[in-house]
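Rule-based calculations on the coordinates, nothing more; no lab input. Since the model is a prediction, treat every value here as computed from it, not as a measurement. Cβ placement follows ideal geometry from the backbone for every residue including glycine, while neighbour counts extend to all protein chains displayed.
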Amino acid sequence: LILHADHELNCSAFAARVTASSLSDIYSAIVSAISALKGPLHGGANEQVMRMLKEIGTMDRARVWVEEALDNKQKVMGFGHRVYKNGDPRAKILRQLSEQVTKKSGHPEYYQMSDLIDETMQKEKGLLPNVDFYSASVYYGLGIPIDLFTPVFAASRVSGWLAHVFEQWTTNRIYRPRGKWAGKEGLSWVPIDKR
Ligand code: COA
């Protein structure tokens, strides 16, 4: 929960700040953040990681599964990060916890499989695990139902979102980025970098 509590201007914290910036109420700001967090490219990834581990099922299938996913241009959940290109420091801590917790709970295969997927992703794509990758097997080992993985993340992140909202209100100005029509279907709006 401490590892998940806050993380700068990520997608959900930004969503909370945008809603707060219109002087909407605090509940609406947190609902905006939850709505952004639940997406599989953000906090929803932890559930997807566990579903992937379940689908792979056994160690001997892990490497081939990842290679096929990459060949099909599929995203492997729990890897990559917009900011951390050399590794997410939270993942290092969660990796150790995953080893301990899955062993204690009698499911060491989920750590072992995760470790092999991690190795394969680094080798094949040069991508490192993010906070959601090893937290999936940690939560599973703790007996948390998969449907509650992202809500557990959200429960922790509420502290960070609230801090962002209060900070936003101390020097508030409404968020209103500009964009210009790029004139091509699919490209649509491009942001204007106005300093
Ligand atoms: N699996 C496979 N390929 C991935 C990947 C993943 N998890 N993450 C990134 N890539 C690929 C991209 O498709 C892109 O390939 P391309 O150059 O052939 O188009 C390349 O790696 C560079 O991507 P990048 O620009 O670094 O990603 P981003 O900053 O736009 O997106 C994430 C960051 C986190 C959204 C992205 O890595 C992702 O979707 N990860 C999976 C979801 C996830 O775990 N989310 C939790 C984030 S904490």
*Bins of 5 Å from zero: percent of alpha-carbon pairs in region 126-189*: 4, 12, 13, 11, 10, 11, 17, 15, 6, 2, 0
*Rounded, prolate or oblate: which fits region 33-80, taking a ≥ b ≥ c as square roots of the Cα gyration tensor eigenvalues, rounded meaning a/c under 1.5, else prolate when a/b beats b/c?*
oblate
*asked:* Run the Debye formula on the Cα coordinates of region 1-116, all scatterers equal and no solvent, and tell me log10 I(q)/I(0) at q = 0.15, 0.16, 0.20, 0.21 1/Å.
replied: -0.81, -0.89, -1.18, -1.24
*Where does the chain land on Rg/Rh, using Cα atoms and the Kirkwood Rh?*
1.03
_Quick check on the chain: helices-only [θ] at 222 nm, where DSSP H runs of length 4 and up contribute -39,500 (n - 2.57) each and the sum goes over total residues. Nearest 500, please._
-19000 deg cm²/dmol
_Label-point separation, ALA163 to ASP60 (7 Å along Cα→Cβ), nm_ = 4.8 nm
_Cross-link pairs LYS92/LYS125; LYS38/LYS75; LYS92/LYS123; LYS85/LYS180 - those with Cα-Cα distance over 26 Å_ = LYS85/LYS180
*Name the residues of region 37-51 whose amide N is less than 16 Å from a point 7 angstrom out from the Cα of LEU148 along the C-beta direction?*
47
*So which DSSP H runs in the chain come out at 18 Å plus along the axis (Cα) with average Kyte-Doolittle of at least -0.5?*
59-71, 149-170
*Given the alpha-carbon gyration tensor of region 79-126, what are the semi-axes of its equivalent ellipsoid in whole angstrom, ordered largest first, with each equal to the square root of 5 times an eigenvalue?*
22, 13, 6
*For labels at LEU23 and LEU9 in the simple 7 Å Cα→Cβ model, what's the distance in nm?*
2.3 nm
*How many angstrom lie between the C-alpha centres of region 91-136 and region 38-58?*
12 Å
